[in-house]
Amino acid sequence: SGRYVFYVLPNRLDLIEKKVSKTLSNKNLSEDIVFDQLDSETLFIKTLKESVRSIVEYAFTEMLNNAIEHSQSTEIRVQFEEADNKVSFEVLDKGVGAFKNIMGKKNLNSELEAIQELMKGKTTTLPHSHTGEGIFFTSKISDVFILDSFEYRLLVNNKVADVFVEKIKSFGGTRVRFEIDKNSNKHLNDIFREYESEPGSFDFDKTKVYVKLFKAGTIFISRSQARRLLLNLEKYRTIVLDFTDIETVGQAFADEVFRVFATKYPDIKIEPINMAETVQFMVNRSRKSQNPTTKPT
């Protein structure tokens, strides 16, 4: 009984709507209440296995909270969908824009610099009430994570372990899209553990940075580029630098990262990964100049 209630046999689950969307007034919104409402109105969310459901709930509430508290948008649109054996959601607003907001609050020179900071983790425009972990961990736990804002798209594709920044047709505001396989074996706790320097410490003190996000031209030739990459990374105990798609680096760049910064912060561990042979040569050369007794890795 009840309005909008209907019944189907198990072999006709195709009759059940697998998409739900709402336009919300951004006034006294609570992200967990919105998730519960969407959950109660759909079958595909509540029937997810517990590990995937907890990931989806975490990611959705984090992204909706960002829109509520940062966007300055009067309305927020949310959407959930099940298709092709994956579940996805979108959070859309017509506010100030995620990248523009960070650029302005952090006194950065461009939206690209804002994207660079965002992907380091612990970046927030409200430090008294936010840790800056939401987008970082949501992007890491997804299969595919997309953040569109005005002229730029940040695409994190964990299925191929890569990240991309693209120019797009202007989208006023911010649109976040999150996708994950319904049968994913991921667990939320695993992604948190991955970014602990010491297992069991429960500290978010490790980060991973894709060096190609800081690429200008084909070679890293300036110390200023290295300093841009290293900005605010002193807050971590372990920094993983992923050199995927980087064929070579300049001596000045490598020296700033692996000698100057390493000397200034000797307690911070820098782990370069996915290095081409030419990159590894420059890294080893810089490390050896920092400590002549250091053996090449």
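The values are calculated or read from the model by the stated rules, or taken from the named source; none is laboratory data. Keep in mind that what you see is a predicted model, and the values were worked out from it rather than measured. Cβ coordinates were reconstructed from backbone atoms using ideal geometry, including for glycine residues, and neighbour counts include every protein chain displayed. Please note that ligands, DNA and RNA were not included when accessible areas were found on the heavy atoms of the full protein model with its side chains. Shrake-Rupley method; radii C 1.70, N 1.55, O 1.52, S 1.80 Å.
Overview of results
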read-out	value
Test: D93 is among the acidic types (D, E), touching a residue at least 12 places away in the same chain (Cβ under 8 Å) and touching a helix residue (DSSP H, G or I) at 6+ places or on another chain (Cβ under 8 Å)	yes
Evaluation of V52 against (1) surrounded by 12 or more Cβ atoms within 10 Å (Cβ to Cβ); (2) at pLDDT below 95 (one fails), failing number	(2)
Matching residues, the stretch 187-212, being more than 16 Å from the chain's Cα centre (by Cα) and touching a residue at least 60 places away in the same chain (Cβ under 8 Å)	H187, S197
Conditions (1) outside any strand (DSSP E or B); (2) at positive phi; (3) surrounded by 20 or more Cβ atoms within 10 Å (Cβ to Cβ); (4) at pLDDT 90 or above; number of the one not met by G121	(4)
Complete set of residues in the stretch 173-215 that are in contact with a helix residue (DSSP H, G or I) (Cβ under 8 Å, 6 or more places away or on another chain), part of a helix (DSSP H, G or I) and open to solvent by 50 Å² or more (accessible area, probe 1.4 Å)	F192, E194
Subset of the stretch 83-103 [out of contact with any Ser or Thr (no Cβ under 8 Å at 6 or more places or on another chain) and open to solvent by 30 Å² or more (accessible area, probe 1.4 Å)]	A83, D84, N85, K86, E90
Residues located in the stretch 240-288, provided they are closer than 25 Å to F164 by Cα, open to solvent by less than 50 Å² (accessible area, probe 1.4 Å) and of a type in the set (S, T, N, Q)	T244, T248
Residue within the stretch 5-25 that is modelled with pLDDT under 95, assigned to a loop (DSSP other than H, G, I, E, B), farther than 25 Å from K182 by Cα and touching a Ser or Thr at 6+ places or on another chain (Cβ under 7 Å) present	no
Matching entry among E111, E57, E41 (being without any contact (Cβ under 8 Å) to a residue 40 or more places away in the chain, buried (at least 18 other Cβ atoms within 10 Å of the Cβ) and of a type outside the set (V, I, T))	E57
Subset of the stretch 137-172 [touching a helix residue (DSSP H, G or I) at 6+ places or on another chain (Cβ under 8 Å) and either open to solvent by less than 30 Å² (accessible area, probe 1.4 Å) or among the basic types (K, R) (or both)]	F137, T138, K140, I141, S142, F145, L147, S149, L154, V156, V163
